Structure formats: structure tokens, C-alpha cells
Amino acid sequence: TVDADIRQVLAEQGKLAQEISTLSDDADLYAAGLTSHASVNVMLALEDTFDVEFPDRLLKKTTFTSVASIREALSELTSENASS
């Protein structure tokens, strides 16, 4: 599932201070230890995993604040890809 893939990427690239499995979809990933540098690695891994490219308008901290916000961005990107 999308959530499982997002959580896998976060587990591998997020360098979180807490286990991703213990966090809710709305939990603040930055409060859980995600750094700006790690968020770049997360973004690149998400692009590879979901075969998308994050446009400049989504390259902001709020996009990567939670599993839910990442899911929302990916949903938008995958629907854009499907319609083009």
C-alpha cells in the first residue's frame, strides 16, 4: 500500500529518533527527529519508489511534515501523471 511504502522510505531514509511504526499518520515527523537533510533523502527515495518528481511548489517543509501530508502530495502527483 501507499502508506506502507511511505513508512518504509521513512524507516530507511528518515533517520527518525522514533520508530515510524509507533507514529500516527498525522504525527509531526520533524518532532520525531526528521531533519531537513533527511527530508531531501526521503523525497528522493519517494520519487524513486513512486516514479514521480516533486515539483518546486511541493518542495516545502509542510509537504513532509507527516505520513498524511506525504500521502496527499503523492496522491496529487500520481493523479497528475495518470491524466497526462
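If a residue must be in a helix (DSSP H, G or I), open to solvent by less than 70 Å² (accessible area, probe 1.4 Å) and among the aliphatic types (A, V, I, L, M), how many such residues does the stretch 12-67 contain?
So the answer is 8.
Ala4 versus (1) out of contact with any helix residue (DSSP H, G or I) (no Cβ under 7 Å at 6 or more places or on another chain); (2) part of a helix (DSSP H, G or I); (3) touching a residue at least 40 places away in the same chain (Cβ under 8 Å): which is the lone unmet condition?
(3)
List the number of the failed condition for Glu80; all other conditions in (1) among the acidic types (Asp, Glu); (2) out of contact with any helix residue (DSSP H, G or I) (no Cβ under 9 Å at 6 or more places or on another chain); (3) open to solvent by 90 Å² or more (accessible area, probe 1.4 Å) hold.
(3)
Pairs needed: first member in the stretch 62-84, under 14 Å from Ala32 (Cβ atoms); second member anywhere, open to solvent by less than 80 Å² (accessible area, probe 1.4 Å) and of a type in the set (Ser, Thr, Tyr); C-beta distance under 9 Å; at least 6 residues apart or different chains.
From the stretch 62-84, the pairs are Phe64/Tyr30; Phe64/Ser39; Thr65/Tyr30; Ser66/Ser24; Val67/Ser24; Ala68/Ser24; Ser69/Thr63; Ile70/Thr63.
The values are calculated or read from the model by the stated rules, or taken from the named source; none is laboratory data. Being a predicted model, the structure only gives us computed values, none of them experimental. Because the Cβ atoms are built from the backbone with ideal geometry, glycine has one as well, and the counts that use them run over all protein chains shown. SASA here: full protein model, heavy atoms, side chains in, ligands and nucleic acids out. Shrake-Rupley method; radii C 1.70, N 1.55, O 1.52, S 1.80 Å.
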